[in-house]
Amino acid sequence: MSAQSRATADPRWVRVLLIGATLAFLGLFLFVPLVSVFVEAFRKGVVVYAKAITEENARSAIFLTLSVAALAVPLNAVFGVAAAWAIAKFSFKGKSLLLALIDLPFAVSPVVSGLVYVLLYGARGLFGDWLLEHDLQIIFAVPGMVLATVFVTFPFVARELIPLMQAQGNDQEYAALSLGASGWQTFRRVTLPNIKWALFYGIILCNARAMGEFGAVSVVSGHIRGQTNTLPLHVEVLYNEYNMAAAFACASILSVLGLVTLLLKTLIEWRAGLRRRTH
Amino acid sequence: MSISVENLRRTFGTFQALRGITLEIPDHQLVALLGPSGSGKTTLLRIIGGLDFPDAGQGRVLIHGEDVTNQPAASRRAGFVFQHYALFNHLTVFENVAFGLEVRPAATRPKPEVIRDRVLELLGLVQLDGLQQRLPSELSGGQRQRVALARALAIDPMVLLLDEPFGALDARVRKDLRRWLRSFHTELGVTTIFVTHDQQEALELADTVVVMNQGQIEQIGSPQQVYDHPASPFVYEFLGDVNRVRKPGRPDLFYVRPHEVRVLFAGDSTAELHAKVEHLFAAGPSARLTLRMLDSKETLDADMTRQQLDEMGLSEGDEVGLKLVLGNRA
């Protein structure tokens, strides 16, 4: 320990107490529940577990969850980059309003976001008649679930990029322009490489939330088994049927997803940190 | 290439950054835009480079007689060097310099071998041979500066625009680079405009100095003209140290530079003013005296050589006589 850090360090017992309390808290509220998900999932054996996650409704739920994420995440990556680009690199009227709007999905309850979509696109909603005439179903169908997921996960990419792009400023873009690059070349060769890691990071968080989203999706899905149930909704259905082993088996897939997200996030932070140090 | 700017105006919100700038820059010149921060010098540079634009209909920019006012930066071929270099951090030195050639449309893009030769030639020109595989973060400030210059030169610019080119460097490197840039410009002959708030830099380096203040041009002239014949009190005070003196029995103010104050013995009959030595600073070949006037109690700085100082044997607290040597100006 250097002289300086010794000077600012607390007495040993304070450190032990604080670290101990933190670990106990983390263990009790995070680690034990996580472990118990897997314990419960495998309680009735591997065969039951395997059957629970390969059964038709479960497979449909997994497929739907992946499909919704596969649509919502790329959309939000594009919207997020566009919004962050606009906010960080230009000054215009209504900029702070746009910033507030981007944060809106964080501020309102996901249930409310779901309800708004029902009110807009439902059979008795604002666009209901028009949609009915054209034989388009959004609510209680996949499009509604994608819309609700896009709404709820909108801020992740934009929020990750805005502070970084603001800190980087416009000089490199201006330099590229003065060297004759077009707008697209500037974006692809200069802006994108500079935001690469933050973008990955945002996408991963966005994806985790998209796959785990319950509230908004629950309102617009209609819970049609094998058709509009995503994995989180499927877990709820199983749980309500007292099918604990199957519920936990499916929950364990979501947990693994979460752990993979965490791993990727750590890897990216490590990579980004490494780059910063060597550059 | 010659550059002319006609009656340029630029406002940011309610702030008038440029209030009608007219400027004519002949071919091959090295021009300094000199002024305090907020004087509009960087805005002017950016507008010439196409990185900013004048208020709608308020002025024109011509490069070699062609009106480029509304042309985007990409089509102006103005090599821009930014204050903090703005190198592409994720690209090597080679890739940075090659950038301007690589982004050309396929029809006009040189072959890879041609690009390579050109980049290596430019790196040789800015004395960075052998560093082409480094990343910008692995270079010193002075080296980054020269990469930025090589990168700007790669597009074979009609004009070179440098924003505070030495601002971020330490004093020693700065001095070396300054000398180097001067000889570099003589060699290449590209019309070059640089922005600085350092009068020493402007006077030492430029063929023409454009002194700016509050969005307007105060004076345009050779370094000697602006230093010896300042057109306004602002130019006087901004260019070099200056004293404001009132001669006894006369109401008007004089501007006198420290080297124009001759220090005499107290009893000298040619003395115009009388003062007391308040502070004496003598390091190096010259000495700087801070003098307090006996009648008005105002202070005044005077420069003299160490030899003169030693011969007169002055020390703090001594009384002296002063004579103002205004040279060839009124």
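The values are calculated or read from the model by the stated rules, or taken from the named source; none is laboratory data. Note that this is a predicted model, so its numbers are computed, not measured. Don't worry about glycine lacking a Cβ; one is built from the backbone with ideal geometry, like all the others, and counts go over all protein chains shown. All accessible areas refer to the heavy atoms of the entire protein, side chains included, with ligands and DNA or RNA removed. Shrake-Rupley method; radii C 1.70, N 1.55, O 1.52, S 1.80 Å.
Taking the condition in the same structural domain as B:L273 (by TED's automatic domain parsing) and farther than 18 Å from B:R257 by Cα, does B:S286 pass? Walk me through how you get there before you give the answer.
Working: in the same structural domain as B:L273 (by TED's automatic domain parsing): yes; farther than 18 Å from B:R257 by Cα: no.
So B:S286 does not fit the description; no.
Restricting to segment B:134-161, and then to whatever is more than 14 Å from chain A (Cβ to nearest Cβ) and modelled with pLDDT of 90 or more, can you tell me which residue is farthest from B:A78 (Cα to Cα)? Walk me through it before giving the result.
Initially, segment B:134-161 is screened for residues more than 14 Å from chain A (Cβ to nearest Cβ), giving B:140-143, B:146.
With the extra rule that they be modelled with pLDDT of 90 or more, the set shrinks to B:140, B:143, B:146.
Working: B:S140: 25, B:Q143: 21, B:R146: 17 Å.
Ranking the qualifying residues of segment B:134-161, first place goes to B:S140.
With the checklist (1) more than 30 Å from B:A86 (Cα to Cα); (2) in the same structural domain as B:F12 (by TED's automatic domain parsing) in hand, flag the one item B:P251 doesn't pass.
The single condition B:P251 does not satisfy is (2).
How about segment A:175-194: which of its residues are buried (at least 19 other Cβ atoms within 10 Å of the Cβ), under 20 Å from A:A83 (Cβ atoms) and facing another protein chain (nearest Cβ under 7 Å)?
Within segment A:175-194, just A:V190 meets the criteria.
Being within 14 Å of B:A150 (Cβ to Cβ) and of a type in the set (A, V, I, L, M, F, W, C) is true for just one of B:A78, B:A106, B:A98, B:A73. Which residue is that?
Numbers: B:A78 fails: within 14 Å of B:A150 (Cβ to Cβ); B:A106 fails: within 14 Å of B:A150 (Cβ to Cβ); B:A73 fails: within 14 Å of B:A150 (Cβ to Cβ).
Within the list B:A78, B:A106, B:A98, B:A73, the selection yields B:A98.
Inside segment B:105-114, can you point out the residues that are more than 12 Å from chain A (Cβ to nearest Cβ) and within 30 Å of B:G65 (Cα to Cα)?
Here is the first cut: in segment B:105-114, the residues more than 12 Å from chain A (Cβ to nearest Cβ) are B:106-107, B:110-114.
Within segment B:105-114, B:A106, B:A107, B:P110 meet the criteria.
Could you list, in sequence order, all residues of segment A:136-159 that are open to solvent by less than 10 Å² (accessible area, probe 1.4 Å), touching a Phe, Trp or Tyr at 6+ places or on another chain (Cβ under 7 Å) and under 20 Å from A:L66 (Cβ atoms)?
Answer for segment A:136-159, where residues must be open to solvent by less than 10 Å² (accessible area, probe 1.4 Å), touching a Phe, Trp or Tyr at 6+ places or on another chain (Cβ under 7 Å) and under 20 Å from A:L66 (Cβ atoms): A:G144, A:A148.
So is A:S255 more than 18 Å from A:T153 (Cβ to Cβ) and not in a loop (DSSP other than H, G, I, E, B) or not? Show your work before the answer.
On the way: more than 18 Å from A:T153 (Cβ to Cβ): yes; not in a loop (DSSP other than H, G, I, E, B): yes.
Considered against the rule, which asks whether it is more than 18 Å from A:T153 (Cβ to Cβ) and not in a loop (DSSP other than H, G, I, E, B), A:S255 comes out as yes.
Mind checking whether some residue in segment B:118-126 is assigned to a loop (DSSP other than H, G, I, E, B), modelled with pLDDT under 95 and of a type in the set (A, V, I, L, M)?
Start the filter on segment B:118-126 by keeping residues that are assigned to a loop (DSSP other than H, G, I, E, B), which leaves B:126.
Going one step further and asking which of them are modelled with pLDDT under 95, we end up with B:126.
In the following step, the residues that additionally are of a type in the set (A, V, I, L, M) were identified as B:126.
Checked segment B:118-126: at least one residue is assigned to a loop (DSSP other than H, G, I, E, B), modelled with pLDDT under 95 and of a type in the set (A, V, I, L, M).
Taking the residues in segment B:85-104 that are of a type outside the set (A, V, I, L, M, F, W, C) and more than 7 Å from chain A (Cβ to nearest Cβ) as candidates, determine which candidate is surrounded by the most Cβ atoms within 10 Å (Cβ to Cβ). Give the derivation first.
In the first step, residues of segment B:85-104 are kept if they are of a type outside the set (A, V, I, L, M, F, W, C); the result is B:85, B:89-90, B:92, B:95-96, B:100, B:102, B:104.
This time we only want the ones that are more than 7 Å from chain A (Cβ to nearest Cβ), so: B:85, B:92, B:95-96, B:102.
Details: B:Y85: 24, B:T92: 17, B:E95: 17, B:N96: 28, B:E102: 20.
If we take residues in segment B:85-104 being of a type outside the set (A, V, I, L, M, F, W, C) and more than 7 Å from chain A (Cβ to nearest Cβ), then B:N96 is surrounded by the most Cβ atoms within 10 Å (Cβ to Cβ).
Do you know which residues across segment A:143-174 are within 7 Å of another protein chain (Cβ to nearest Cβ) and free of Cβ contacts under 8 Å to residues at least 12 places away in the same chain?
Initial filter on segment A:143-174 (within 7 Å of another protein chain (Cβ to nearest Cβ)): A:171-172, A:174.
A:D171, A:Y174, listed by residue number.
List the helices (runs of 4 or more DSSP H) inside segment A:45-112, counting only whole elements, that have at least 3 residues being closer than 22 Å to A:C250 by Cβ. Steps first, please.
Working: elements: A:46-54, A:56-89, A:95-107.
Because the criterion is at least 3 residues that are closer than 22 Å to A:C250 by Cβ, the helices (runs of 4 or more DSSP H) in segment A:45-112 that meet it are A:46-54, A:56-89.
Taking into account only those residues within segment A:97-132 that are within 26 Å of A:I162 (Cα to Cα) and open to solvent by 90 Å² or more (accessible area, probe 1.4 Å), which is farthest from the chain's Cα centre (by Cα)?
That would be A:L97.
Across segment B:1-45, what is the total count of residues that are free of Cβ contacts under 8 Å to residues at least 24 places away in the same chain and either closer than 28 Å to B:L153 by Cβ or acidic (D, E) (or both)?
1
Mind counting the residues in segment B:37-59 that are more than 25 Å from B:A74 (Cβ to Cβ) and either within 14 Å of another protein chain (Cβ to nearest Cβ) or open to solvent by 40 Å² or more (accessible area, probe 1.4 Å) (or both)? Explain how you work it out, then say what you get.
Keep residues of segment B:37-59 that are more than 25 Å from B:A74 (Cβ to Cβ), which gives B:37-39.
Remaining after also requiring either within 14 Å of another protein chain (Cβ to nearest Cβ) or open to solvent by 40 Å² or more (accessible area, probe 1.4 Å) (or both): B:37-38.
Going through segment B:37-59 one residue at a time, the tally reaches 2.
Check B:P285, B:P230, B:P251 and return the single one that is open to solvent by less than 80 Å² (accessible area, probe 1.4 Å) and not charged (D, E, K, R). Show your work before the answer.
Details: B:P285 fails: open to solvent by less than 80 Å² (accessible area, probe 1.4 Å); B:P251 fails: open to solvent by less than 80 Å² (accessible area, probe 1.4 Å).
Among B:P285, B:P230, B:P251, only B:P230 is open to solvent by less than 80 Å² (accessible area, probe 1.4 Å) and not charged (D, E, K, R).
Out of (1) within 25 Å of B:S75 (Cβ to Cβ); (2) away from chain A (no Cβ under 14 Å), what's the single condition that is false for B:L131?
In the conditions (1) within 25 Å of B:S75 (Cβ to Cβ); (2) away from chain A (no Cβ under 14 Å), B:L131 misses (1) alone.
Considering each residue of segment B:268-282, count those that are among the β-branched types (V, I, T) and surrounded by fewer than 13 Cβ atoms within 10 Å (Cβ to Cβ), and give that number.
Pass one, segment B:268-282, residues among the β-branched types (V, I, T): B:270, B:277.
Filter once more, keeping what is surrounded by fewer than 13 Cβ atoms within 10 Å (Cβ to Cβ): B:270.
Count: 1.
Can you name every residue in segment B:254-267 that is open to solvent by less than 70 Å² (accessible area, probe 1.4 Å) and out of contact with any His (no Cβ under 9 Å at 6 or more places or on another chain)?
Taking segment B:254-267 first, the residues open to solvent by less than 70 Å² (accessible area, probe 1.4 Å) are B:254-258, B:260-261, B:263-264, B:266.
B:F254, B:Y255, B:V256, B:R257, B:P258, B:E260, B:V261, B:V263, B:L264 - these are the residues of segment B:254-267 that are open to solvent by less than 70 Å² (accessible area, probe 1.4 Å) and out of contact with any His (no Cβ under 9 Å at 6 or more places or on another chain).
Run A:L199 past the list (1) more than 14 Å from chain B (Cβ to nearest Cβ); (2) at pLDDT 90 or above; (3) within 16 Å of the chain's Cα centre (by Cα) and report the number of the one that doesn't hold.
With respect to (1) more than 14 Å from chain B (Cβ to nearest Cβ); (2) at pLDDT 90 or above; (3) within 16 Å of the chain's Cα centre (by Cα), A:L199 is out only on (1).
Residue by residue through segment B:110-162, note down the ones that are surrounded by fewer than 14 Cβ atoms within 10 Å (Cβ to Cβ) and either of a type in the set (A, V, I, L, M, F, W, C) or touching a Leu at 6+ places or on another chain (Cβ under 7 Å) (or both).
B:V114, B:D129
Looking at (1) part of a loop (DSSP other than H, G, I, E, B); (2) at pLDDT 85 or above; (3) open to solvent by less than 30 Å² (accessible area, probe 1.4 Å); (4) of a type outside the set (S, T, N, Q), which is the only condition B:M212 fails?
Failed condition: (1).
Residues in segment B:66-77: is at least one within 14 Å of another protein chain (Cβ to nearest Cβ), buried (at least 19 other Cβ atoms within 10 Å of the Cβ), modelled with pLDDT of 90 or more and touching a strand residue (DSSP E or B) at 6+ places or on another chain (Cβ under 6 Å)?
In the first step, residues of segment B:66-77 are kept if they are within 14 Å of another protein chain (Cβ to nearest Cβ); the result is B:68, B:71-77.
Add one more test, that the residue is buried (at least 19 other Cβ atoms within 10 Å of the Cβ), and what stays is B:68, B:73-74, B:76-77.
Imposing the further condition that a residue be modelled with pLDDT of 90 or more reduces the set to B:68.
Filter once more, keeping what is touching a strand residue (DSSP E or B) at 6+ places or on another chain (Cβ under 6 Å): B:68.
Yes, there is a match, as at least one residue in segment B:66-77 is within 14 Å of another protein chain (Cβ to nearest Cβ), buried (at least 19 other Cβ atoms within 10 Å of the Cβ), modelled with pLDDT of 90 or more and touching a strand residue (DSSP E or B) at 6+ places or on another chain (Cβ under 6 Å).
For segment A:61-96, which positions are open to solvent by 50 Å² or more (accessible area, probe 1.4 Å), of a type in the set (A, V, I, L, M, F, W, C) and more than 18 Å from A:G202 (Cα to Cα)? Write out each step before concluding.
Step one: list which residues in segment A:61-96 are open to solvent by 50 Å² or more (accessible area, probe 1.4 Å), which gives A:63, A:66, A:70-71, A:74-75, A:78-79, A:82, A:85, A:90-93, A:95-96.
Add one more test, that the residue is of a type in the set (A, V, I, L, M, F, W, C), and what stays is A:63, A:66, A:70-71, A:75, A:78-79, A:82, A:85, A:90, A:92.
Hits for segment A:61-96 are A:F63, A:F90, A:F92.
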